[in-house]
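K.L.:
Here's a structure for you.
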Amino acid sequence: MITSDRAAELFNDSLERCTAGDEFLDRFYELFLTSSREVAEKFRHTDFPKQKRMLKASLYMMILMAEGKSEIQKDLQRIAKRHSRADLDIRAELYSLWLDCLIQAAREFDPRFTPETEMAWRRIMAQGIAFMQSHY
Ligand code: HEM
């Protein structure tokens, strides 16, 4: 089992390689929106350039969350509230689809992606996703 520091480092470096070009998040949204009609419907009115900037920032927040930095909770709370039943109404089940599409895009765009990198992505995301789901 890799340490959480090592997972954070692997995830951060992989994310940097993925986001060095513009196409990683385009590919993620292409995969995610075609994976389910429910997902496509949710993003019907989305301004994607803005959405991609916000998603990228939130992926870095996942590292701080995984490291137990409480300062980040306020930002994540706002994002979680936006995804909750009362607002966007994102069901808990959609998060595993979201993560699988994100990891598939990372596999395609990170030239150094390995099974260890995938474990790091899953480990860093797990806490943030659990947080979002628990605020549904
Ligand atoms: C941990 C996982 C996720 C993270 C970190 C995340 C992050 C974000 C962020 C930062 C925003 C922008 C919020 C704002 O406007 O202030 C957003 C919006 C949104 N997210 Fe997520 N998200 C996640 C999972 C999901 C999932 C599973 C869905 C399922 C469909 C989803 C659907 C949406 C939609 C529909 C919007 C609004 C788009 C719009 O403004 O038109 N998200 N997300």
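Nothing in this text is a laboratory measurement; each read-out follows from the coordinates by a stated rule. Since the model is a prediction, treat every value here as computed from it, not as a measurement. Cβ atoms come from the backbone with ideal geometry, glycine included; neighbour counts cover every protein chain shown.
K.L.:
Between ASN12 and ARG112, what length comes free when the chain is fully extended (0.36 nm per residue of separation minus the Cα-Cα distance, one decimal in nm)?
P.N.:
Here the answer is 34.7 nm.
K.L.:
For segment 4-134, build the charge dipole from Cβ charges (+1 Lys, Arg; -1 Asp, Glu) around the Cα centre, then report which of MET132, GLY68, SER14 sits farthest towards its positive end.
P.N.:
Checked the options; the winner is MET132.
K.L.:
Let me ask something else about it. For the pair SER35 and HIS135, what calculated FRET efficiency results from E = 1/(1 + (r/R0)^6), where r is the Cβ-Cβ distance and R0 = 22 Å, to the nearest 0.05?
P.N.:
So, using R0 = 22 Å, E works out to roughly 0.40.
K.L.:
I would also like to ask the following. Report Rg/Rh for the chain, rounded to two decimals, where Rg is the Cα radius of gyration and Rh the Kirkwood radius.
P.N.:
0.94
K.L.:
Okay, moving on. Given the options SER70, SER36, SER58, state which has the largest fluctuation in a GNM of the chain using a 10 Å cut-off (strictly under) for Cα springs.
P.N.:
SER70
K.L.:
Follow-up. What order do you get for HIS83, HIS135, HIS45 when you list them from fewest to most C-beta neighbours inside 10 Å?
P.N.:
Arranged by neighbour count, lowest to highest, HIS83, HIS135, HIS45 become HIS45, HIS135, HIS83.
K.L.:
What longest region of the chain stays clear of GluC sites (Glu not before Pro) that DSSP places outside H, G, I, E and B and that have at most 15 other Cβ atoms within 10 Å?
P.N.:
In the chain, the maximal stretch lacking such sites is 1-66.
K.L.:
Next up: What net charge is computed for the residues neighbouring LEU94, neighbours being all others with C-beta under 13 Å from the C-beta of LEU94, Lys and Arg scored +1, Asp and Glu -1?
P.N.:
-1
K.L.:
Next question, about the same structure. Within straight cross-link reach of LYS52, meaning Cα distance under 21 Å, which lysines are found once same-chain residues fewer than 8 apart are removed?
P.N.:
Leaving aside lysines fewer than 8 places away in the same chain, those within reach of LYS52 are LYS42, LYS74, LYS81.
K.L.:
What distance in nm separates the simple spin-label points at GLN73 and ALA20, each placed 7 Å from Cα in the Cβ direction?
P.N.:
Simple spin-label model gives 3.7 nm for this pair.
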